[in-house]
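The values are calculated or read from the model by the stated rules, or taken from the named source; none is laboratory data. A quick note: this is a predicted structure, and the numbers were derived from the prediction, not measured. Note that each Cβ is placed from the backbone with ideal geometry, even for glycine, and that neighbours are counted across all protein chains shown. These accessible areas exclude ligands, DNA and RNA; they are computed on the full protein's heavy atoms, side chains included. Shrake-Rupley method; radii C 1.70, N 1.55, O 1.52, S 1.80 Å.
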Amino acid sequence: MLELDNFVVREYFKRRIGDEGLGIMMSVPEGEITDEEIAELSDTKLTAVRKTLYRLYESRIAEYRTERDDSSGWITYLWRFNYDNVKKILEDEADSKLKELESQLEEERKGVFYQCGCQRVLFEEAAEKNFMCAECGTNFEYISNDELIQELEEKIAKIEQWKEKIKKE
Ligand SMILES: [Zn+2]
């Protein structure tokens with residue numbers, strides 16, 4: 001369900017909990033688990049695991065319940081992921097990613113682009129500068145963005161498919 005290999009999911013969690021957090025999450029199996037067990041599974045320091053868990057708790061992605069050992073008085077925190085919330089968050093994330101990609105696609109479709117040694121600009125800007133870049137001293141040459149458009153279209157299709165899939169789960 002978490003599909004941490006999906007790029008929308010990865011980007012989202014990477015932003016929220018960083019690379020280390022992502023590594024921690026990837027090693028968490030379904031069901032309840034203690035922070036010590038996660039630390040062992042992910043080969044990470046317990047303090048880092050706790051930091052990640054509390055951050056996920058704040059976003060309502062992870063939740064815990066406590067269990068008290070009657071003889072020792074020791075309290076155990078049992079963590080689990082709230083998959084309904086994860087699903088909602090990921091759907092929102094997919095929507096905002098789609099919006100971003102679609103507006104980028106629109107820009108690419110309506111623009112004609114030129115490239116020098118250091119940057120890519122619209123035809124209008126290249127023409128204004130007489131097709132010569134003052135920054136790197138090379139000419140602006142026409143560059144096709146067909147491949148980029150295709151890439152964007154594929155990315156959008158992938159996210160749409162994925163959205164349909166998580167809706168059904
Ligand atoms: Zn340049």
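Descriptive notes on the structure:
- What a 1.4 Å probe finds exposed on the chain is 46% carbon and sulfur by accessible area, rounded to a whole percent.
- Per residue, the solvent-accessible area of the chain (1.4 Å probe, heavy atoms of protein chains only, all protein chains present) comes to 65 Å².
- Computed from phi, the 3J(HN,Hα) profile of segment 109-116 under the Karplus parametrisation 6.51, -1.76, 1.60 (θ = phi - 60°) reads 5, 8, x, 10, 10, 10, 10, 10 Hz, with x in place of Gly and Pro.
- Pair-distance distribution of segment 28-120: all C-alpha pairs, bin width 10 Å, starting at 0; shares per bin in whole percent are 14, 29, 21, 13, 15, 6, 2, 0.
- Rounded to 10°, Cα long-axis angle of helix 7-26 versus longest principal axis of the chain: 40 degrees
- Long pairs among LYS45/LYS167; LYS45/LYS155; LYS51/LYS87, criterion Cα-Cα beyond 25 Å: LYS45/LYS167; LYS45/LYS155
- Cut-off 10 Å between beta-carbons: net charge of the residues surrounding GLU91, Lys and Arg +1, Asp and Glu -1: +1
- Simple spin-label estimate for GLN119 and ASN139 gives 2.1 nm between the two label positions (7 Å along the Cα-to-Cβ direction from each Cα).
- Selection of chymotrypsin sites (Phe, Trp or Tyr not before Pro), segment 27-123, meeting DSSP coil and at most 14 other Cβ within 10 Å: TRP74
- Our coupling estimate for segment 154-164, obtained by passing each phi through the Karplus curve with A = 6.51, B = -1.76, C = 1.60 and θ = phi - 60°, is 5, 4, 4, 4, 5, 5, 5, 4, 5, 4, 4 Hz, Gly and Pro reported as x.
- Restriction of the GluC sites (Glu not before Pro) in segment 103-161 to DSSP coil positions whose beta-carbon has at most 13 other beta-carbons within 10 angstrom yields GLU135.
- With R₀ fixed at 41 Å, the C-beta to C-beta distance from THR47 to VAL112 puts the FRET efficiency at about 0.15.
- For segment 94-168, size of Cβ-based charge dipole, Lys and Arg +1, Asp and Glu -1, in debye: 480 debye
- Under 14 Å, Cβ to Cβ, from CYS133 - net charge with Lys/Arg +1 and Asp/Glu -1: -2
- Projected-area average for segment 7-81 over all orientations - Cα convex hull basis, square nanometres: 5.1 nm²
- Taken over the chain, the convex hull of the Cα atoms encloses 147 Å³ per residue.
- Maximal additional length on extending the GLU20-ARG60 stretch stands at 12.5 nm, based on 0.36 nm per residue less the C-alpha distance.
- Pairwise inverse Cα distances across segment 94-168, averaged and inverted, put the Kirkwood hydrodynamic radius at 14.0 Å.
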